[in-house]
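Okay, so here's the structure we're looking at.
The values are calculated or read from the model by the stated rules, or taken from the named source; none is laboratory data. Everything quoted here is computed from the prediction, not taken from an experiment. We place every Cβ from the backbone using ideal geometry, glycine too, and count neighbours over all the protein chains shown.
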Amino acid sequence: MTTNRRDFLTAAVTAAGAAMTPESHHTHDHDHQVVPSDPALRVKALESLLVEKGLVDRAALDALVDTYEHKIGPRNGARVVARAWVDPAYKSRLLADANDAIAEFGYVSRQGDRMVVLENTPKVHNMIVCTLCSCYPWAVLGLPPVWYKSAPYRSRSVIDPRGVLGEFGLDLLADVEVRVWDSTAELRYLVLPERPAGTEHLSEEQLAALVTRDSMVGVAKVSPPQPGVSS
Amino acid sequence: MNGIHDMGGMQDMGPIQYEKGEPVFHAQWESRVFAMFAATGAWRKWNLDAFRHTREVLPPDDYLRVSYYQQWFSGLLNLLVRRGLVTAAEIESGAPAPGTAKATPPLTPDKIPAALPNRIHAHRDVQVSPRFQAGQRVRARNINPVGHTRLPRYARGKFGMVDRNHGVFVFPDTNAHFLGEKPQHVYSVRFAARELWGQQASQKDSVYLDMWDDYLDPA
C-alpha cells in the first residue's frame, strides 16, 4: 500500500516539479503526467473536474479564498489580545478557557477548534511551533506565513529558541524562562503578548492596532506606539 | 514514521526567510488548492491525520524541494483517488468518467461561516478515563512506528511532567490509516530543555508537547 501511494505521489510531485523547470517537462514521461504540466493549469484542470463531478461548488471555493484572504487573519487575534489587556475579567476567562472566551467574538465555536492562550510576562516567554507539519491557530491568526511552515523555523525552534528569536530581532535576557509549545495535537495555541508600556491612554481599538501576528506566535514583542502616530 | 517531516532538533537548515508584508497566497493556484482541499474535506472521506500522512510519505528530497501548496496538491490528489471520489483516469483525462452521475457538493457558500469555527473535528465527548494527572512525572515511549505518529523523535524516551489535561481526542496513529479513532486523553507535557538537548540548553527553558495516553508511561 505504501509503495503504491508513494509511486502515485512521486508522479504527482514530479509533474509539479516539471512545471517549475520547463526543460524537464519536455523529457518527462507522459505516463506520469497526471494533469497538465504548469501547476496553475494542473490545479485549474482538477478544479474543473471536481466542479463537473459535483464534488465542489465553485462559489464555495471563491468564498473560502475570500474568507482567508480578507476576513480571517491576525486582526481577529489582535482584538482578543486587546480585550484581555483592558478587561481583567475577560483575561481570566481567556486563560482559563480560551474556547469560550474567543467564542464571545464568534471566531471559534465552543465545540470547535480547541484553543489555548499562553500569557507572556516579563519572566516567561512563550512561543509556538509545529515541528511535524504546520499547525497554526487559523481562527485567530489566519493562514500561517511561509517562514512558520519552513524547515529552518520548525527544526531549530525547539533546540535553540533563543537563537531563533534572535533572528527575529528579539534578544531575551538569560533570566527569562522560554517555553516552546510544539503543536503536536489538535490544540491551537495563541500567545497573549505583554502590553507595552506607555499605552495606558489608548482605547481597546487603538491597542488592537498595535498587536502584530508575530507577537501572537511569540517571535516578537508588541512595540509601543510610534511617537506622534497615535493620540 | 521516522521521516524528514519530523525535523524538530535538526540543525543547519539555513536562516529563517522572513517576507515582509507577505500575501496570504503567493499565486492564485495556491488559493485554489487550499479551497479545494477545504471543500472536498466536507465529504468526510478522510481526516486531517490522513492528510498529514500524505505529505509525510513524499520522498524526502521532494518534501524539502517542493513548495508547501505543491505538497498539499499532491496530498489532495492522493486522497481523492484513494478514497474513491475521483479515479486516476479522470485526473489524467480531466473529465468525469462517461455515465457518472453528478453529485451534490456538501459545502455551499451559505454553510461556510458556520463550518469554519468547527474545522478540525478531533475532540470527542466520550467518557474515557485519563491515565495521567496534572503534575505527574511521565516518560515518552520509545516507539518507531512505520506509519503516522505525532510523537516526535526528539521527545522519545525523555522524561517530562504532565502540565494539563486537554480532554479526549482521536488518536492520529490509527486515525490517519482509517483504523479507528481510538479516542483518548491528550495532555500538555513539559520537558525541560536540558532533558531534551543536554547541558547546552538553558536551565530555565522547556518544550511543551501535546501527548496522547498511548505515547506515555508513568515514571
- Yes/no for B:Ser31 being out of contact with any Leu (no Cβ under 7 Å at 6 or more places or on another chain), buried (at least 21 other Cβ atoms within 10 Å of the Cβ) and either part of a loop (DSSP other than H, G, I, E, B) or of a type in the set (Ser, Thr, Tyr) (or both): yes
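If you scan the stretch B:8-24, which residues turn out to be surrounded by fewer than 23 Cβ atoms within 10 Å (Cβ to Cβ) and within 7 Å of chain A (Cβ to nearest Cβ)?
Of everything in the stretch B:8-24, those that are surrounded by fewer than 23 Cβ atoms within 10 Å (Cβ to Cβ) and within 7 Å of chain A (Cβ to nearest Cβ) turn out to be B:Gly9, B:Met10, B:Gln11, B:Met13, B:Gly14, B:Pro15, B:Ile16, B:Gln17, B:Tyr18, B:Glu19, B:Glu22, B:Val24.
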- Selection status of A:Tyr148, part of a helix (DSSP H, G or I), of a type outside the set (Asp, Glu) and in contact with a Cys (Cβ under 9 Å, 6 or more places away or on another chain): yes
- Query: Do the conditions hold for A:Val158, that is, is it within 22 Å of A:Val116 (Cα to Cα), surrounded by 23 or more Cβ atoms within 10 Å (Cβ to Cβ) and touching a residue at least 24 places away in the same chain (Cβ under 8 Å)?
  - Reply: yes
- Query: Can you name the number of the only condition in (1) surrounded by fewer than 21 Cβ atoms within 10 Å (Cβ to Cβ); (2) under 19 Å from A:Arg154 (Cα atoms); (3) touching a Gly at 6+ places or on another chain (Cβ under 7 Å) that B:Thr54 fails?
  - Reply: (1)
- The residue that is nearest to A:Val178 (Cα to Cα), considering only those in the stretch B:186-218 that are among the acidic types (Asp, Glu) and within 11 Å of chain A (Cβ to nearest Cβ), is B:Asp205
- Task: Please state which one of A:Val80, A:Val43, A:Val65 is touching a Phe, Trp or Tyr at 6+ places or on another chain (Cβ under 6 Å) and either closer than 30 Å to A:Asn99 by Cα or at pLDDT 90 or above (or both).
- Result: A:Val43
- Message: Suppose the filter is surrounded by fewer than 19 Cβ atoms within 10 Å (Cβ to Cβ), within 14 Å of another protein chain (Cβ to nearest Cβ) and either polar (S, T, N, Q) or more than 20 Å from the chain's Cα centre (by Cα) (or both); does A:Glu177 pass it?
- Response: yes
- Note on the structure: Residues of the stretch A:159-173 being outside any helix (DSSP H, G or I) and facing another protein chain (nearest Cβ under 7 Å), in sequence order, are A:Ile159
- Message: Could you go through the stretch A:112-133 and let me know if any residue there is in the same structural domain as A:Trp85 (by TED's automatic domain parsing), among the hydrophobic types (A, V, I, L, M, F, W, C), over 26 Å from B:Ser206 (Cβ atoms) and surrounded by fewer than 21 Cβ atoms within 10 Å (Cβ to Cβ).
- Response: no
- Message: Criterion first (surrounded by 23 or more Cβ atoms within 10 Å (Cβ to Cβ) and within 13 Å of chain B (Cβ to nearest Cβ)) does A:Leu55 satisfy it?
- Response: yes
- Any residue in the stretch A:84-100 that is closer than 23 Å to A:Tyr148 by Cβ, β-branched (Val, Ile, Thr) and touching a residue at least 40 places away in the same chain (Cβ under 8 Å)? no
